[in-house]
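Read through the structure below, which is laid out as structure tokens, and then see the notes.
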Amino acid sequence: MIKKRVFSGSRPTGCLHLGNYLGGVKGYLALQDREDLDCIYSIVDLHGITTPYEPKKMQSKIREVVLDYLGCGLDPKKCHLMTQSQVPEHIELAYLLGTIYPVSRMEQLPTYKQKKIENPHYINVGLFYYPILMAADILVYKAELVPVGKDQLPHIEVAREIARKFNSMFSHVFPEPKAFETQGTYIPSLLGFGKMSKSIKGSFILLTDDLKTIEERLAKMPTDSGKGEILPKEGGAANLLVLVELFMGKKEREDNEKKYLGEGIRYGELKEKLAQAIYEELKPIQEKRKYFENNPELVSKILEEGRLYCSKIAKQTLMEVKKAMGLV
Ligand code: TYM
């Protein structure tokens with residue numbers, strides 16, 4: 001059977017948070033279980049260096065993400081794990097694809113605009129090139145499915161456009177990749193506005209947090225009086241209900257919505273129950289993670305297998321691309 005390929009990745013900006021888990025990794029897990037798919041999941045360190053970072057901590061941050069992946073249940077028997085920079089063909093393809101994509105389109109991308117606001121003194125060419133490198137990550141493996149959260153959809157659109165344009169300008173080399181979204185495709189921030197994000201302090205819960213830390217983080221979430229005539233559509237209370245549904249189920253959310261419209265929600269109690277539910281989901285992940293943390297050589301072996309597997313495919317694609325572009 002010819003298997004369709006899947007590719008996705010996370011930046012090594014430290015341990016993963018609930019947004020990465022629910023929007024990204026849960027999709028990776030669902031797809032690795034399908035017999036008809038060949039999945040590659042990456043730690044995208046080259047994307048990680050487009051925003052301020054500490055070079056001395058880079059290797060340990062890459063490790064944190066691999067450990068989170070393995071802890072969550074990514075299984076090297078079912079998927080390949082690799083570090084992006086270990087397969088330099090990603091960069092080579094990115095350059096080649098950059099020659100067919102208009103600058104004007106890049107400037108409109110919401111993530112580029114957002115990063116410019118977050119790091120006004122670090123607007124580098126790498127940041128500008130970010131979506132092209134991401135397209136190259138996907139297309140170098142001719143991946144057709146890309147499990148990502150909602151925030152990444154504009155980037156997937158770029159990859160699709162590039163694939164189409166390349167195929168029409170040269171010859172048909174690339175499939176048009178599609179995003180695969182989970183139920184938690186957009187996890188809001190604990191601060192009550194925007195999305196959960198590693199770069200925004202107070203917005204996230206990490207996969208490695210213990211119960212007390214989760215309780216403390218939730219306790220700081222802004223809420224309201226707990227009752228009203230219409231349900232809150234945005235802000236802390238609305239975001240809390242999103243997490244209630246994801247970790248405690250739809251019924252629990254509906255019960256709390258009834259309370260909101262009736263006698264009122266006691267947020268203290270609800271937050272404690274939610275913290276417990278989140279921790280129950282994270283505990284086995286943390287235990288599995290610990291196992292791999294204590295077996296660093298096994299982790300290195302897994303990454304090396306991934307590198308070898310991916311290098312082979314990436315080299316073949318590059319050769320096809322260069323031929324199509326008249327470079328060989
Ligand atoms: P990154 O590292 O920001 O996030 C990794 C994954 O987590 C998802 N995610 C979220 N999902 C729901 N709610 C949130 N609040 C939330 N925050 C993050 C992201 O959508 C992503 O799936 N550019 C990518 C990395 C990348 C990539 C790729 C992904 C590079 N090359 C090729 C797919 C294919 C990024 O920065 O993800």
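The values are calculated or read from the model by the stated rules, or taken from the named source; none is laboratory data. Here the structure is a predicted model, which is why all the values come from computation and not from measurement. We place every Cβ from the backbone using ideal geometry, glycine too, and count neighbours over all the protein chains shown. Side chains included, ligands, DNA and RNA excluded: accessible areas come from the protein's heavy atoms. Shrake-Rupley method; radii C 1.70, N 1.55, O 1.52, S 1.80 Å.
Sorting the segments 54-64, 241-251 by their mean number of nearby beta carbons within 10 angstrom, highest to lowest, gives 241-251, 54-64. Principal-axis analysis of the Cα atoms of the chain puts helix 153-169 at an angle of about 20° to the longest axis.
Solvent-accessible area per residue in the stretch 46-113 equals 46 Å², computed with a 1.4 angstrom probe and all protein chains kept. Relative to the current alpha-carbon distance between residue 322 and residue 261, full extension at 0.36 nm per residue lengthens the span by 15.7 nm. When the GluC sites (Glu not before Pro) in the stretch 262-327 are filtered for DSSP coil states and for at most 15 other beta-carbon atoms within 10 Å of their beta-carbon, the remaining sites are 263. The residue list 228, 112, 66 was ranked by how far each Cα lies along the charge dipole of the chain toward its positive end, using unit charges on Cβ atoms, and 112 comes out on top. Residues with beta-carbon under 9 Å from that of residue 299, excluding residue 299: net charge, scoring Lys, Arg +1 and Asp, Glu -1? Counting the neighbours of residue 299, the net charge comes to 0.
I'd like the distance separating the alpha-carbon centroids of the stretch 37-90 and the stretch 278-328, in whole Å. The stretch 37-90 and the stretch 278-328 have Cα centres spaced 7 Å from each other. When the Cα positions of 325, 98, 242 are compared along the charge dipole of the chain, 325 comes out farthest toward the positive end, with charges on each C-beta of Lys, Arg, Asp and Glu. Which of the residue pairs 26/57; 195/227; 26/322; 56/201 have a Cα-Cα distance greater than 30 Å in the structure shown? In this structure, 26/322 lie more than 30 Å apart at Cα.
Restricting the calculation to Cα atoms, the stretch 211-289 yields a radius of gyration followed by a Dmax of 13.0, 45 Å.
For the chain, which whole-number percentage of the solvent-accessible area (1.4 Å probe, protein heavy atoms only) is attributable to carbon and sulfur atoms? Could you put the intermediate results ahead of the total?
Working: 8670 of 16090 Å².
Taking all protein chains in place, the chain shows 54 percent carbon and sulfur surface.
Note that the chain, at 25 °C in a medium of 0.890 mPa s, gets a Stokes-Einstein diffusion coefficient of 117 µm²/s from its Kirkwood radius over C-alpha pairs. Working from label points 7 Å from Cα in the Cα-to-Cβ sense, the residue 290 to residue 169 distance is 5.3 nm. Counted over the chain, the DSSP beta bridges are approximately 10% antiparallel. Rounded to the nearest 20 debye, the dipole size of the chain about its Cα centre is 600 debye, using +1 on the Cβ of Lys and Arg and -1 on the Cβ of Asp and Glu. The spacing between the stretch 110-157 and the stretch 217-266, judged by their C-alpha centroids, is 33 Å. Each Lys and Arg adds +1 at its Cβ and each Asp and Glu adds -1 at its Cβ; summed about the Cα centre, the stretch 211-289 shows a dipole of about 220 debye. Stretching the chain fully between residue 269 and residue 122 yields a gain of 48.6 nm (0.36 nm per residue, less the alpha carbon separation). Per residue, the stretch 211-289 exposes 58 Å² of accessible surface when a 1.4 Å probe is rolled over the protein heavy atoms with every protein chain present.
Which value in deg cm²/dmol, rounded to the nearest 500, describes the helix-derived mean residue ellipticity at 222 nm for the chain, given -39,500 (n - 2.57) per DSSP H run of n ≥ 4 and division by the residue count?
On the way: 13 runs with 175 residues, N = 328.
Helix contribution divided over all residues of the chain: -17000 deg cm²/dmol.
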